[in-house]
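The values are calculated or read from the model by the stated rules, or taken from the named source; none is laboratory data. The model shown is predicted, which means the values in this text are computed figures rather than measured ones. Ligands, DNA and RNA are excluded from the accessible area calculation, which covers all protein heavy atoms including side chains. Shrake-Rupley method; radii C 1.70, N 1.55, O 1.52, S 1.80 Å.
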Amino acid sequence: MLLRHLLVVLTALMLLPPAQALERELRVAVLNHSPPMSYIDEAGDLTGFNVEVMRALCDVMAVKCVPVPVSLDRVVDAIAAGEFDFAAVSLLATPERRARVLMSKPYYRSISVWFAQPGVVPGGALAGVVRGGVQARYAQAQGWRSVALETHAEVVTALVQGKVEAALMPMPTAVVAQQDARLHPLGLATTLLRDPQLAGDVCLSVNPRSPELLARINEAIDRIKRDGRFDRINSRFIPFRLQ
């Protein structure tokens, strides 16, 4: 009887989530300033679509997550080096990224948007892009004239100041840029770019030494989509369905 009791206890313990995943704090990379995905609101609080998704995931996993600002061009390097447990940053799941970090299951799909004067074709003007992003690498590979800046907010400012003539942005950020009153006098038109290099599954990146955390994040993504939290966060920050 004693042996049977011990077996029951051991089996129950094996079914519990890893203690490490439940007890320790997780360091989570977030972008410095990339509304509506990550930004400081008027009250001085960190928020945004990806920030609130992170909080929902951490709630499901029953862990404390500490967001740490980082620039987009450092995200993959920092995750690969183990500086963070995961990144609450929208990244297309490219083969190059998969070779360096673990990528979660997709949590939405993205396309890119070209902003320029009406009639200016993609690549036909000096474009602002965010350093380290898929859009920056695409512009460089296509031989487009471009200026790499640190944040999407800086790209918008560069447009307003006439330092660039166009911009190449991911869809959620482009939607917010369209609502910026400073850009309205410029009369910019948008072109959706569906090139496979600029569109695809968007994932969270995870420390390559933490496959157990990847599994828990994937489970949590499914959970917040089933219980409606993902949709509520989507509606709060982005005026169209990301799923």
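Over segment 57-161, with every protein chain in place, what whole percent of the accessible area is carbon and sulfur at 1.4 Å, could you tell me?
C and S atoms contribute 52 percent here.
From the backbone phi of segment 195-206, what are the Karplus-calculated ³J(HN,Hα) couplings (6.51 cos²θ - 1.76 cosθ + 1.60, θ = phi - 60°) in whole Hz, Gly and Pro given as x?
Each residue's phi maps through the Karplus curve to give 4, x, 6, 10, 9, x, 6, 9, 10, 9, 9, 10 Hz.
If DNA, RNA and ligands are ignored and the probe is 1.4 Å, what is the ranking of His152, His33 by accessible area, most exposed first?
His33, His152
Do the sum for the chain: with -39,500 (n - 2.57) for every DSSP H run of n ≥ 4, divided by all residues, what is the mean residue ellipticity at 222 nm, to the nearest 500 deg cm²/dmol?
That comes out to -11000 deg cm²/dmol.
Does anyone have the angle between helix 211-226 and the longest principal axis of the chain? Alpha-carbon axes, 0 to 90°, nearest 10?
Helix 211-226 sits roughly 70 degrees off the main axis of the chain.
Need one number: % antiparallel among DSSP beta bridges in segment 104-243, to the nearest 5.
Looking only at bridges with both residues in segment 104-243, the antiparallel portion is about 65 percent.
Please state the relative contact order of the chain as a whole percent: Cα pairs under 8 Å, 6+ residues apart?
The value is 27 percent.
What are the ³J(HN,Hα) values, in whole Hz, obtained from phi via the Karplus relation 6.51 cos²θ - 1.76 cosθ + 1.60 with θ = phi - 60°, for each residue of segment 169-178 in sequence order, with x given for Gly and Pro?
In residue order, the calculated couplings are 9, x, 3, x, 5, 5, 4, 5, 4, 4 Hz.
Quick one: Karplus J couplings for segment 137-150, per residue in order, coefficients 6.51, -1.76, 1.60, θ = phi - 60°, nearest Hz, x for Gly and Pro?
5, 5, 4, 5, 5, 7, x, 6, 6, 8, 10, 8, 10, 7
Expressed as a rounded percentage, what relative contact order does segment 36-81 have, with Cα pairs under 8 Å and six or more residues apart?
Computed value for segment 36-81: 21 percent relative contact order.
If you average the C-alpha positions of segment 133-161 and of segment 203-243 separately, how far apart do those two centres end up, in angstrom?
Centre-to-centre distance over Cα atoms comes out at 27 Å.
Averaged per residue, what accessible surface does the chain expose to a 1.4 Å probe, in Å²?
50
Could you report the accessible area of Val176 in Å², rounded to 10, computed with a 1.4 Å probe on the protein chains as they sit in the structure?
Spelled out: Val176, probe radius 1.4 Å, area about 50 Å².
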